[in-house]
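K.L.:
Just dropping this structure here.
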Amino acid sequence: MGQPEQRAEGAGPFTTRLTWHVPGGGTAVWESRLARRRGVIAVRPAGAPTSRHTRADEVGLGRLRRLNATAATAFIIGGALFAAGAAVAQIGSGDATTCASIYFAGGLFFNTGGYVSLLQVINAPRHVPGGEGRLVTRSWRWWSYEPTRVDWLSAVVLFAGTLVFGVNLLDSFLQGLSVQQINRLIWTPDVIGCVLFLISGHLAFVEICHGRFCFRRRSLGWWIVAVNQLGSVLFMVSAIAAFTRPTTGSLINADIANWTTFLGAACFSMGGVLQHLERP
């Protein structure tokens, strides 16, 4: 029996790693995150002891560098502003409008980072299964619909989460709301946004771990996903603690809400710093 011509790995309908025999002998290995973030594909010629990385063309690599830098910077600034808003709220050095303004500014940067992350996926160089083991740069697109790709799904869910957070942040400027209105207009979008962030992070783990649990202490990509997912968990804790009790009109725990927002935002800023290093 000969070796299979192609072997796919991943989870469910998602393929995150593909191995195939290239014409003339040898094998090529495409990994979703490596291809879209670093623009490389691994090729091992016939008889060679190790693989070598084949890079995309300069047009594709230039796109990846610019998009990566833009998204990373947006998350750094957005996280810093969210942390600042939480600090102001906890210390009490500003009124509710001041805190809301700082959070809203941070939310705009999160929106930017979310959409640019989606553009990274849409415009990443594509592989040609069964081909010679190279990445092809396609024409620029502002949008796509590719729900069978786990990287696209993770990015679009992340972007949706940032938009839902925007609703929460806009509604936080409203005054004179009843407790029921606060929980419906401000708290509910906050929780939905946190859930979407968690789903996006889970899908990112599916991509980098190929559908299995993994701990890759030497993988920069793994640490970026892990730090961002920790930030999402902390944001969810903050949202739960920020629920307004109908009986008393007070939050479940304002200190926990502020501190977990601060720490979660710091995680997203750190993730952005690490993302600057994950470039072609």
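K.L.:
From the list 230, 196, which one is touching a Ser or Thr at 6+ places or on another chain (Cβ under 9 Å) and part of a helix (DSSP H, G or I)?
P.N.:
Exactly one residue qualifies, and that residue is 196.
K.L.:
Filter the strands (runs of 3 or more DSSP E) completely within the range 1-120 down to those with at least 1 residues that are buried (at least 21 other Cβ atoms within 10 Å of the Cβ).
P.N.:
Qualifying strands (runs of 3 or more DSSP E): 14-21, 27-31, 40-44.
K.L.:
Shifting gears a bit: Select, from 25, 10, the only residue that is at positive phi and more than 30 Å from the chain's Cα centre (by Cα).
P.N.:
The match here is 25.
K.L.:
Across the range 130-165, what is the total count of residues that are β-branched (Val, Ile, Thr), modelled with pLDDT under 95 and surrounded by 12 or more Cβ atoms within 10 Å (Cβ to Cβ)?
P.N.:
Counting residues in the range 130-165 that are β-branched (Val, Ile, Thr), modelled with pLDDT under 95 and surrounded by 12 or more Cβ atoms within 10 Å (Cβ to Cβ) gives 2.
K.L.:
On to the next question. So, residue 180, is that one assigned to a helix (DSSP H, G or I) and open to solvent by 80 Å² or more (accessible area, probe 1.4 Å) or not?
P.N.:
Yes, satisfied.
K.L.:
Let me ask something else. Of the conditions (1) at pLDDT below 85; (2) outside the structural domain of residue 200 (by the TED database); (3) in contact with a helix residue (DSSP H, G or I) (Cβ under 6 Å, 6 or more places away or on another chain); (4) not basic (Lys, Arg), residue 49 fails just one. Which one is it?
P.N.:
(3)
K.L.:
On to the next question. Restrict the check to the range 241-262 and report whether at least one residue is within 26 Å of residue 118 (Cα to Cα), at pLDDT 95 or above, open to solvent by 20 Å² or more (accessible area, probe 1.4 Å) and not charged (D, E, K, R).
P.N.:
Yes, because at least one residue in the range 241-262 is within 26 Å of residue 118 (Cα to Cα), at pLDDT 95 or above, open to solvent by 20 Å² or more (accessible area, probe 1.4 Å) and not charged (D, E, K, R).
Residue by residue, here is whether (1) at pLDDT 95 or above; (2) of a type outside the set (Gly, Ala, Ser); (3) not assigned by the TED database to the domain that holds residue 265 holds:
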site: 83; (1), (2), (3): yes, no, no
site: 92; (1), (2), (3): no, no, no
site: 95; (1), (2), (3): no, yes, no
site: 98; (1), (2), (3): no, yes, no
site: 106; (1), (2), (3): yes, no, no
site: 110; (1), (2), (3): yes, yes, no
site: 113; (1), (2), (3): yes, no, no
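K.L.:
If you check residue 146 against the conditions, is it more than 27 Å from residue 201 (Cα to Cα), outside any helix (DSSP H, G or I) and of a type outside the set (S, T, N, Q)?
P.N.:
In short, no.
K.L.:
Go through the range 249-276 and count every residue that is under 30 Å from residue 180 (Cβ atoms) and in contact with a helix residue (DSSP H, G or I) (Cβ under 9 Å, 6 or more places away or on another chain).
P.N.:
Count: 16.
K.L.:
Something else now. With respect to residue 234, is the statement that it is without any contact (Cβ under 8 Å) to a residue 60 or more places away in the chain and surrounded by 18 or more Cβ atoms within 10 Å (Cβ to Cβ) true?
P.N.:
It is true that residue 234 is without any contact (Cβ under 8 Å) to a residue 60 or more places away in the chain and surrounded by 18 or more Cβ atoms within 10 Å (Cβ to Cβ).
K.L.:
Could you tell me whether the range 201-212 includes any residue that is farther than 22 Å from residue 152 by Cα, buried (at least 18 other Cβ atoms within 10 Å of the Cβ) and aliphatic (A, V, I, L, M)?
P.N.:
no
K.L.:
OK, next. Check residue 70 against each of (1) within 13 Å of residue 127 (Cβ to Cβ); (2) among the β-branched types (Val, Ile, Thr); (3) assigned by the TED database to the domain that holds residue 131 and name the one condition it does not meet.
P.N.:
All conditions pass for residue 70, except number (1).
The values are calculated or read from the model by the stated rules, or taken from the named source; none is laboratory data. Please read all numbers here as calculations on a predicted model, not as lab measurements. Because the Cβ atoms are built from the backbone with ideal geometry, glycine has one as well, and the counts that use them run over all protein chains shown. What goes into the accessible areas is simple: the full protein's heavy atoms, side chains included, and nothing from ligands, DNA or RNA. Shrake-Rupley method; radii C 1.70, N 1.55, O 1.52, S 1.80 Å.
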